Amino acid sequence: AQSVSQHNHHVILSEAASLELGCNYSYGGTVNLFWYVQYPGQHLQLLLKYFSGDPLVKGIKGFEAEFIKSKFSFNLRKPSVQWSDTAEYFCAVNAANNDMRFGAGTRLTVKP
Amino acid sequence: DVKVTQSSRYLVKRTGEKVFLECVQDMDHENMFWYRQDPGLGLRLIYFSYDVKMKEKGDIPEGYSVSREKKERFSLILESASTNQTSMYLCASSPGLARFEQFFGPGTRLTVL
């Protein structure tokens, strides 16, 4: 079964800093990739997703992610974070066998 | 907008009690899921259902059962609650598998004393 690794457990940034959250997965076949965000006290919601085509995908709130097949990675980026981006971020991978796997999550704290 | 609702936001139960967690979605989705979310472990799939009366075990089904009698409703049952089942429980639904995103409910924080 596939697994998903998120490299950073907790990231602390100042406002306007650039963000990159790592996500690697272990599955050799076709995958569908997702980033979800959970703001404090709110439910999980989709940030962006990749199925096929352009490996650079753009999501809501200025987030983007790049799929690098050779590295089994799907890293999330944002050029300039805001205090309101403080949240927990989850990478998820759904392989052709329909088995959705989530990473352990990365908690992002943005200091004003 | 897809809406997934869960019966309780917070629940406190005693060891050995039978616990029912209810989830309802209003978008006629085929698939529904139950996860538990624990710090440092992310989301772990307990059970999912791809059709009424159909269910599949996820990664951690032990100590849990599910019921899906109607398309919009998916229940998680803890037959005899134990303290290690204290967790946040998330319900999700999706219109299909693989390529489709899942829509999540607000979660139920269950404490078993």
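The values are calculated or read from the model by the stated rules, or taken from the named source; none is laboratory data. Note that the structure is predicted; figures quoted are calculated from it, not measured. Cβ coordinates were reconstructed from backbone atoms using ideal geometry, including for glycine residues, and neighbour counts include every protein chain displayed. Heavy atoms of the whole protein, side chains included, go into the accessibility calculation; ligands, DNA and RNA do not. Shrake-Rupley method; radii C 1.70, N 1.55, O 1.52, S 1.80 Å.
The tail of the calculated P(r) for segment B:4-112, taken as Cα-Cα distances beyond 20 Å, holds 32 percent of the pairs. Accessible area per residue for the protein assembly as shown, computed on protein heavy atoms with a 1.4 Å probe, is 47 Å². Note that chain A carries a Kirkwood radius of 14.0 Å, evaluated over its alpha carbons pair by pair.
Here B:Lys18 is the anchor, and the lysines within straight C-alpha reach of less than 24 Å, apart from those fewer than 8 places off in the same chain, are B:Lys53, B:Lys55, B:Lys57, B:Lys70, B:Lys71. Taken residue by residue and averaged, Cβ atoms of other chains lying within 10 Å of the Cβ of B:33-45 number 4. With contacts taken as Cα pairs under 8 Å at a separation of at least 6 residues, chain B carries a relative contact order of 36 percent. Diffusion of the protein assembly as shown by Stokes-Einstein, at 4 °C in a medium of 1.567 mPa s and with Rh set to the Kirkwood radius over alpha-carbon pairs, works out to 72 µm²/s.
Interface size, chains A and B: roughly 1700 Å² of accessible area buried, both sides included, 1.4 Å probe, rounded to the nearest 100.
Ranked from largest to smallest solvent-accessible area, with a 1.4 Å probe on the protein heavy atoms, A:Thr86, B:Thr83, A:Thr106 come out as B:Thr83, A:Thr86, A:Thr106. Distance between the C-alpha centers of segment B:1-31 and segment A:1-64? Whole Å please. Here the two parts' Cα centres lie 26 Å apart. Residues B:Glu79, B:Glu72, ordered by accessible area of protein heavy atoms at a 1.4 angstrom probe radius and largest first, appear as B:Glu79, B:Glu72.
Solvent-accessible area of segment A:1-94 (1.4 angstrom probe, protein heavy atoms only): carbon and sulfur portion equals 52 percent.
Figure note: A:Ile68, B:Ile46, B:Ile60 ranked by solvent-accessible area, largest first, 1.4 Å probe, ligands and nucleic acids not counted: A:Ile68, B:Ile60, B:Ile46.
For A:Lys71, the lysines whose Cα comes closer than 30 Å to its Cα, not counting residues fewer than 8 places off in the same chain, are A:Lys49, A:Lys58, A:Lys61. Remark: mean inter-chain Cβ contacts per residue of A:39-47 equal 4, using a 10 Å Cβ-Cβ cutoff to other protein chain atoms.
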